[in-house]
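Below is one structure, written out as structure tokens; the observations come after it.
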Amino acid sequence: MMTNKEEKYQMLVRQIDALITGETDVVAVMANVCAAIHEEMGFFWTGFYCVKHKAGTDTRELVLGPFQGPVACVHIGYGRGVCGTAWQQRQTIVVPDVELFPGHIACSSLSRSEIVVPVFGGDGEVVAVLDIDSRELSTFDDTDRQYLENICRLLSQTIFK
């Protein structure tokens, strides 16, 4: 039996697939994906951080991309916080209580739980992470993980191939 959350995600995946099919502008696609997830699921903060080179260096960092919600941190280092750790480990990280995550970067004191999903480019490298925060503890579970990973796979196959 499907939960209401699963039904919402199924509709969301279809909507996002329709939104991004044939689109070629990365920023526009990421902006619409954020808006669709944020609107449908009602999360506190939904956005992308993109892997970019730090100006004038060979160092890469995550830089704030399209998002929905309050203002956010702009730069996140490799392996730092939940986003940087998901990038480093190349896997989704679900954090039931951000206060208990070592090195958590608190862009907002209202954020209580978080999920971060890496987005891979055609070369297999992480090109961005999808970061979602909730005001409630333990918001994210395997259902969120499964569907958000599916959405990020769609992005990898269409816009980041």
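Of the trypsin sites (Lys or Arg not before Pro) found in region 44-126, those that fall in a DSSP loop while having at most 12 other beta-carbon atoms within 10 Å are Lys54, Arg90.
The residues of the chain present an accessible area of 51 Å² per residue when probed at 1.4 Å with all protein chains retained. Ignoring the sites themselves, the chain has its longest run without GluC sites (Glu not before Pro) in a DSSP loop having at most 15 other Cβ atoms within 10 Å at 24-124. Excluding Phe67 itself, calculate the net charge of residues whose Cβ lies under 14 Å from the Cβ of Phe67, where each Lys or Arg counts +1 and each Asp or Glu counts -1. Surrounding charge for Phe67 is -4. Rolling a 1.4 Å probe across all protein chains gives His53 an accessible area of roughly 120 Å². Extent along the principal axes, Cα only, for region 43-121: 35, 25, 22 Å, with the longest axis given first. Only DSSP H runs of four or more residues enter the estimate; each adds -39500 (n - 2.57), and after division by the residues of the chain the mean residue ellipticity at 222 nm equals -12000 deg cm²/dmol. Seen from Gly47, the other residues with C-beta closer than 12 Å to its C-beta sum to a net charge of -3, counting Lys and Arg as +1 and Asp and Glu as -1.
For the chain, hydrophobic long helices are taken as DSSP H runs at least 20 Å long by C-alpha position along their axis with mean Kyte-Doolittle hydropathy of 1.0 or more; these are 26-41.
The values are calculated or read from the model by the stated rules, or taken from the named source; none is laboratory data. Computed from a prediction, not measured in an experiment: that's the story for all the values here. A quick note on method: Cβ atoms are made from the backbone with ideal geometry, for glycine too, and the neighbour counts reach across all protein chains shown. Surface areas here come from the heavy atoms of the whole protein model, side chains and all, with no ligands, DNA or RNA. Shrake-Rupley method; radii C 1.70, N 1.55, O 1.52, S 1.80 Å.
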